[in-house]
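The structure appears below as structure tokens.
The values are calculated or read from the model by the stated rules, or taken from the named source; none is laboratory data. Note that the structure is predicted; figures quoted are calculated from it, not measured. Glycine gets a Cβ as well: all are built from the backbone with ideal geometry, and neighbour counts include every protein chain shown.
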Amino acid sequence: MRAEDDVEAERSMSTSGSERTSSDDVDPHQAAKQRSPLRSIEIVQEKRTMLPFTLEQFLNVFATYNKAIWPAQILAYVLGAVAVAALFRKGRASDRIVSAVLGLMWLSTGILYHGVFFSSINKAAFAFGALFVAEGAALLYTGIVRDGLRFAINYGFRAAIGAGFILYASLVYPLIGIATGHPWPTLSMFGVSPCPVTIFTFGLLLMTTGRFSYWLLVIPFIWSVIGGSAAILLDVRQDWLLLASGFIAVPILVVGNRHARAAADEGRLTPSIELRP
């Protein structure tokens, strides 16, 4: 019995010793680092290494761009206000005005921001610029040449989301930028920068009535994912809604298009009944 007690005592000492050893192996500085708030900053910095540019370079591009095109930002707000005002007036002229404003915003952003400025730190900007030019041309062709876009103010759920997107792109977006440490001229400005233009476009397209080509949604959706990644990779908090906007607007617009198409098809198939005395 005494021998068994000795063995049990040795096991107990060995176990406690190993526990002390494992406890001693833990680096207190490492443990503190894992709990430190600075760790979250390090994680963001690690994510930024996935991009071919730094946050400072990204913001410097906006600063240079905004200074170079000034006062185009004011003109963009004027055009945006004209487009919103046109929603309250029915008619082909008003529809074409909205289409023209959207088309010009996409064209100018693709050529100037992507092609001239952003390409200085990211060669992929040339491809992005081509996409923006294609979307601008498609909006002008569909809305003006083919007269294929109809806009109107209504008070439904879809229009309410559209109004929210318009308000966010024009007012809330820059205010969040300022509040999170991105003052002028490093702001991504309404009407002349890719992300606010995309959100504004979704907002106006949610104001459409009738059908339009799904192709008009492809490039804005692609950019909502690409541009929205800045919310994660660069901690640009105002772009969180951009990341979500495509996933919100596109399903609503696709369903609305299908309902409009079904109603149009039903109208064509329903035979007319002529009543005679």
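If I filter the range 190-207 for residues that are out of contact with any Gly (no Cβ under 6 Å at 6 or more places or on another chain), on the phi < 0 side of the Ramachandran plot and at pLDDT below 95, do I get at least one hit?
Start the filter on the range 190-207 by keeping residues that are out of contact with any Gly (no Cβ under 6 Å at 6 or more places or on another chain), which leaves 190, 192-193, 196-202, 204-205.
With the extra rule that they be on the phi < 0 side of the Ramachandran plot, the set shrinks to 190, 192-193, 196-202, 204-205.
Next, only the ones that are at pLDDT below 95 stay: none.
No, because not a single residue in the range 190-207 is out of contact with any Gly (no Cβ under 6 Å at 6 or more places or on another chain), on the phi < 0 side of the Ramachandran plot and at pLDDT below 95.
Which pairs have Cβ atoms under 6 Å, sit 6 or more apart or on different chains, and link a residue in the range 62-91 that is farther than 29 Å from Ser120 by Cα to one that is of a type outside the set (S, T, N, Q)?
Ala83/Val98; Ala83/Val101; Ala86/Ile97; Ala86/Val98; Leu87/Phe151; Leu87/Ile153; Leu87/Met207; Phe88/Ile153
Taking the criterion of being hydrophobic (A, V, I, L, M, F, W, C) and more than 30 Å from Leu59 (Cα to Cα), would at least one residue in the range 160-179 satisfy it? Let's see the steps before the verdict.
Applying the first criterion (hydrophobic (A, V, I, L, M, F, W, C)) to the range 160-179 yields 160-161, 163, 165-167, 169, 171-172, 175-176, 178-179.
Cutting the leftovers down to more than 30 Å from Leu59 (Cα to Cα) gives us 160.
Yes - at least one qualifying residue is present in the range 160-179.
Of the numbered conditions (1) surrounded by 23 or more Cβ atoms within 10 Å (Cβ to Cβ); (2) in contact with a Leu (Cβ under 9 Å, 6 or more places away or on another chain), Val225 satisfies every one except a single condition; which is it?
Evaluating Val225 over (1) surrounded by 23 or more Cβ atoms within 10 Å (Cβ to Cβ); (2) in contact with a Leu (Cβ under 9 Å, 6 or more places away or on another chain) leaves (1) as the failure.
So which pairs qualify, if the first residue must be in the range 136-154 and under 13 Å from Trp106 (Cβ atoms) and of a type outside the set (S, T, N, Q), the second must be at pLDDT below 95 and not in a loop (DSSP other than H, G, I, E, B), the Cβ gap must be under 8 Å, and the two must be at least 6 apart or on different chains?
From residues that are under 13 Å from Trp106 (Cβ atoms) and of a type outside the set (S, T, N, Q), the pairs are Ala138/Trp215.
Filter the range 135-179 down to the residues that are in contact with a Lys or Arg (Cβ under 8 Å, 6 or more places away or on another chain) and surrounded by 15 or more Cβ atoms within 10 Å (Cβ to Cβ), then identify the one that is farthest from Leu205 (Cα to Cα). Walk me through how you get there before you give the answer.
We begin by selecting, within the range 135-179, every residue in contact with a Lys or Arg (Cβ under 8 Å, 6 or more places away or on another chain); these are 143-144, 147, 152, 176.
Within this subset, residues satisfying the condition of being surrounded by 15 or more Cβ atoms within 10 Å (Cβ to Cβ) are 143-144, 152, 176.
Numbers: Gly143: 11, Ile144: 15, Ala152: 10, Ile176: 24 Å.
By that ranking, first place goes to Ile176.
Kindly indicate the residue of the range 76-134 that is touching a strand residue (DSSP E or B) at 6+ places or on another chain (Cβ under 6 Å) and part of a helix (DSSP H, G or I) and also farthest from Asn66 (Cα to Cα) among those meeting that condition.
Restricting attention to the range 76-134, the residues satisfying the condition of being touching a strand residue (DSSP E or B) at 6+ places or on another chain (Cβ under 6 Å) are 87, 95, 98.
Retained after the next criterion (residues that are part of a helix (DSSP H, G or I)): 95, 98.
Values: Asp95: 29, Val98: 24 Å.
Result: Asp95.
Regarding Lys47, is this residue modelled with pLDDT under 95 and closer than 22 Å to Phe118 by Cβ? Please lay out each step first, then the result.
Working: modelled with pLDDT under 95: yes; closer than 22 Å to Phe118 by Cβ: yes.
Yes; evaluated as a whole, the condition is true for this residue.
Residues of the range 171-200 being within 22 Å of Phe118 (Cβ to Cβ) and part of a helix (DSSP H, G or I), which ones? Give the steps one after another, and end with the answer.
Narrowing the range 171-200 to residues within 22 Å of Phe118 (Cβ to Cβ): 173-174, 176-178, 180-200.
Selection gives Tyr173, Pro174, Ile176, Gly177, Ile178, Pro194, Cys195, Pro196, Val197, Thr198, Ile199, Phe200.
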